[in-house]
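For reference, the structure is listed below as structure tokens.
The values are calculated or read from the model by the stated rules, or taken from the named source; none is laboratory data. Note that this is a predicted model, so its numbers are computed, not measured. Reconstructed Cβ throughout: ideal geometry from the backbone, glycine too, with neighbour counts over all protein chains shown.
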Amino acid sequence: MKVVLPPHAPARDDTEALIEEARRRARRRRRRRAALAAAALSAGIGIGLLVSGGGGGRAGLDRRAGSGSGGGASSQARDSREARRIARVATSDPVPEAQLLGGGTGWAMNGSGLYWTRNDGRSWSVIEPPVLRHGDYDIATRIGDVAYRAPGSIWVTMGDLIGARIHDGSSAYATIARTSDDGRTWRSGDAPACEYRCGSQYVSFLTARRGYLLFSVDSPQRHRLDRTTDGGATWTPVGRAPFGGEIQFTTAADGWAVSDPTRWIDGSQTPVGGGEVYRTTNGGRTWRRVRLTPPREEAGWPATASPPTFFGARRGVMPVRYRNPTGGEQHLAVFTTADGGRTWVPHPAPAAADLRGDQWGVAPGLAFSAPSAHEWLFFAGRTLYATSDAGSRWGTVHAGIPAVAPYAISFTTAASGWAIFSVSVGGERYPPVLVRTTDGGRRWAALAPH
């Protein structure tokens, strides 16, 4: 798949333009994963279905009940039919970004639209804000972040839109749209003085009314946090932040963030400063860097964290990758907290799970999902690793669809989840497609948002 990056107007100098474009690439997190998936396909990565066994922890894997599709003729024929169907859907309804939120609710987007489902993908509604319908836009390259609070409140940040004004030689502007009725009607709610001066925007909402917005303003290196108490109709500045990246508030005082890269080197291919963890305990007025103690085997290795998932205000799960500076392999440790993040305990994933194929230095470079505080799943190459006891034992599942390169997952239970695959059937590679499993990853079926 060719990943099309959004065009942007000239910046104040070539260096800043290069940094801003690199930051946009980081923000399009699943689109970057799509490129990695395509590269994996070019290398000939394929998938069969098998359940393997062994010991536990880093030494091996636990034996799981069942054998997936086995290898019988009927199973192989079924997998082949499903692979062909996924390829057909990929041709008509490619999906580079999607997220399953819970209760059958989820969203997906591609160049044509932003889609919403309330029944786990059986049917979809087009919900993109009107501003996206009025321009000739590739929707997936214009939307930056999507936030949701039940029952029907949605916020969408957008950038690189073409406006009627010129600011610093550019007519590109950013905005936020909000809805409280599942996308039937939309209103705008921009931060003060942000419209023509904003870069990346990330949102986090505690309730349908109370939320936070982190955005770069005037420069990719300057970041500001605002808050709202009326659902995003108005915003009040809170303070500066020493990073840009995804944010998550668990209370009005406690918030977490994982940084985007601060710069790129080697022709904008190598990110620097990404995947660093920050925390606030005073509502975002100040932030401090969080230093995690790695497992003994990875002591001294550089780390890249992905955003934490919290279950209430106290229990949280945060995946962190460590890279061997000599051999290049990447190992995963899942950190857990039971005290709101004051302390974190690492739980190493199996050593056999080498993540060297994932983008290093970018927070969302890992296909990881935690449907509960003790149930975790992640893809290492073509293998899905899963644990139901907080990492004491791990099992593996290989999807039964040939030549699959998964690069994003979101599970709401250990059995039910979505993923995005780039498939190769009959020697032909296809764009990424949204798929669903209801049996823990043994079988996958294509979803077709439209």
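Which one is surrounded by the most Cβ atoms within 10 Å (Cβ to Cβ) among residues in the stretch 191-228 that are of a type in the set (Lys, Arg) and in contact with an Asp or Glu (Cβ under 8 Å, 6 or more places away or on another chain)?
Out of the qualifying residues, it is Arg197.
Of these, Gly340, Gly395, Gly365, which one is within 30 Å of Glu82 (Cα to Cα) and either touching a His at 6+ places or on another chain (Cβ under 7 Å) or at pLDDT 95 or above (or both)?
So the residue among Gly340, Gly395, Gly365 that is within 30 Å of Glu82 (Cα to Cα) and either touching a His at 6+ places or on another chain (Cβ under 7 Å) or at pLDDT 95 or above (or both) is Gly395.
Only one residue in Ala408, Ala448 is among the aliphatic types (A, V, I, L, M), closer than 22 Å to Ala140 by Cα, in contact (Cβ under 8 Å) with a residue 60 or more places away in the chain and surrounded by fewer than 23 Cβ atoms within 10 Å (Cβ to Cβ). Which one?
Ala448
To keep it simple, each residue is scored yes or no on (1) touching a Gly at 6+ places or on another chain (Cβ under 9 Å); (2) part of a strand (DSSP E or B).
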site	(1), (2)
Ser112	no, no
Trp116	yes, yes
Val131	no, no
Thr157	yes, yes
Leu161	yes, yes
Ala164	no, yes
Arg178	yes, yes
Tyr196	yes, no
Gly199	yes, yes
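Do you know which residues across the stretch 279-293 are buried (at least 19 other Cβ atoms within 10 Å of the Cβ) and on the phi < 0 side of the Ramachandran plot?
Thr280, Trp287
When only residues in the stretch 81-104 that are among the small types (Gly, Ala, Ser) and not in a strand (DSSP E or B) count, which is surrounded by the fewest Cβ atoms within 10 Å (Cβ to Cβ)?
Ser92
How about the stretch 211-325: which strands (runs of 3 or more DSSP E) wholly inside it have at least 2 residues that are touching a residue at least 40 places away in the same chain (Cβ under 8 Å) and touching a helix residue (DSSP H, G or I) at 6+ places or on another chain (Cβ under 8 Å)?
263-265
For a quick check of your reading of the model, give me the residue pairs whose first member lies in the stretch 99-127 and is more than 19 Å from Thr179 (Cβ to Cβ), whose second is polar (S, T, N, Q) and part of a strand (DSSP E or B), with beta-carbon atoms closer than 7 Å and at least 6 apart or on different chains.
Close Cβ pairs satisfying both conditions: Leu100/Ser410.
Right, Ala303: among the aliphatic types (A, V, I, L, M) and at pLDDT 95 or above or not?
In short, yes.
Here is a check on your reading of the model: is Gly135 outside any strand (DSSP E or B) and either within 18 Å of Trp186 (Cβ to Cβ) or polar (S, T, N, Q) (or both)?
In short, yes.
Quick one: how many residues across the stretch 366-391 are in contact with a strand residue (DSSP E or B) (Cβ under 8 Å, 6 or more places away or on another chain) and closer than 15 Å to Ala353 by Cα?
15
Of everything in the stretch 411-429, what is touching a residue at least 60 places away in the same chain (Cβ under 8 Å), assigned to a strand (DSSP E or B) and not charged (D, E, K, R)? Give them in sequence order.
Matches in the stretch 411-429: Phe411, Gly417, Trp418, Ile420, Phe421, Ser422, Val423, Ser424, Val425.
Restricting the stretch 158-188 to residues that are under 24 Å from the mean Cα position of the chain (by Cα) and within 30 Å of Gly312 (Cβ to Cβ), which is surrounded by the fewest Cβ atoms within 10 Å (Cβ to Cβ)?
Among residues in the stretch 158-188 that are under 24 Å from the mean Cα position of the chain (by Cα) and within 30 Å of Gly312 (Cβ to Cβ), the one surrounded by the fewest Cβ atoms within 10 Å (Cβ to Cβ) is Asp182.
Specify which of the listed residues (Gly189, Gly144, Gly183, Gly152) is in contact with a Gly (Cβ under 6 Å, 6 or more places away or on another chain) and either farther than 20 Å from Ser216 by Cα or in contact (Cβ under 8 Å) with a residue 60 or more places away in the chain (or both).
Gly144
Find the residue count for the stretch 389-405, including only residues that are surrounded by 19 or more Cβ atoms within 10 Å (Cβ to Cβ) and in a loop (DSSP other than H, G, I, E, B).
Number satisfying all stated conditions: 7.
Kindly indicate which of Asp230, Asp168, Asp190, Asp218 is under 27 Å from Gly106 (Cα atoms), out of contact with any Ser or Thr (no Cβ under 7 Å at 6 or more places or on another chain) and of a type in the set (D, E, K, R).
Asp230
Restricting attention to the stretch 378-388, does a residue exist that is assigned to a strand (DSSP E or B), in contact with a helix residue (DSSP H, G or I) (Cβ under 9 Å, 6 or more places away or on another chain), farther than 24 Å from Val126 by Cβ and not polar (S, T, N, Q)?
No, the stretch 378-388 has no match at all.
Can you tell me which residue is farthest from Ala253 (Cα to Cα) among those in the stretch 362-382 that are in contact (Cβ under 8 Å) with a residue 24 or more places away in the chain and surrounded by fewer than 20 Cβ atoms within 10 Å (Cβ to Cβ)?
For the stretch 362-382, the residue satisfying everything is Arg382.
Return the residues of the stretch 341-359 that are touching a Ser or Thr at 6+ places or on another chain (Cβ under 9 Å), surrounded by fewer than 18 Cβ atoms within 10 Å (Cβ to Cβ) and part of a loop (DSSP other than H, G, I, E, B); say none if nothing qualifies.
Thr343, Ala352
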